[in-house]
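> Have a look at this one before I ask anything.
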Amino acid sequence: MSYVTVSTWAYDETLDEAALVESAQEKISQIKAMGASGGYLVRVSPNEGMIVMIYPDEGIWNRVRDTVLHMRAETRPEVGGTPTGAMNGPAVVSV
């Protein structure tokens, strides 16, 4: 069964919207190249967003976790926002 990670982000007035989109495309592509099935940047509000990544299974997530955590920690607020939380778990239903 697929494994899903969600990281939540806060954006402030220093955020460059074009840089956010470019950075998300680059990082999601990198994570996908490491084994993820896909990913999404979801804009929740003008000041909040989340990155949702789908992995084929938990084993793939375990293999790339340290790299992804490093990518999150190294994200500059004006390019990708400030991380506010993260969660992950197995997908229970897939349609």
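FYI, it's all coordinate maths here, none of it is from the lab. Keep in mind that what you see is a predicted model, and the values were worked out from it rather than measured. In this analysis, Cβ positions are derived from the backbone assuming ideal geometry, glycine residues included, and neighbour counts consider all displayed protein chains.
> In this structure, does E58 turn out to be of a type outside the set (A, V, I, L, M, F, W, C) and loosely packed, with under 14 Cβ neighbours inside 10 Å?
Numbers: of a type outside the set (A, V, I, L, M, F, W, C): yes; loosely packed, with under 14 Cβ neighbours inside 10 Å: no.
Criteria not met by E58.
> Please find, within the stretch 1-47, the residue that is surrounded by the most Cβ atoms within 10 Å (Cβ to Cβ) out of those that are touching a residue at least 60 places away in the same chain (Cβ under 8 Å) and β-branched (V, I, T).
T5
> How many of the residues making up the stretch 25-63 are of a type in the set (G, A, S) and in a helix (DSSP H, G or I)?
Qualifying residue count, the stretch 25-63: 3.
> Which of the residues belonging to the stretch 70-87 are among the hydrophobic types (A, V, I, L, M, F, W, C) and surrounded by 13 or more Cβ atoms within 10 Å (Cβ to Cβ)?
Residues satisfying the conditions are M71, V79, A86.
> Under 8 Å between Cβ atoms, which residue pairs at least 6 apart in sequence (or on different chains) link something in the stretch 48-61 that is in contact (Cβ under 8 Å) with a residue 24 or more places away in the chain and under 26 Å from Y11 (Cα atoms) with a partner that is in a strand (DSSP E or B) and among the charged types (D, E, K, R)?
G49/R43
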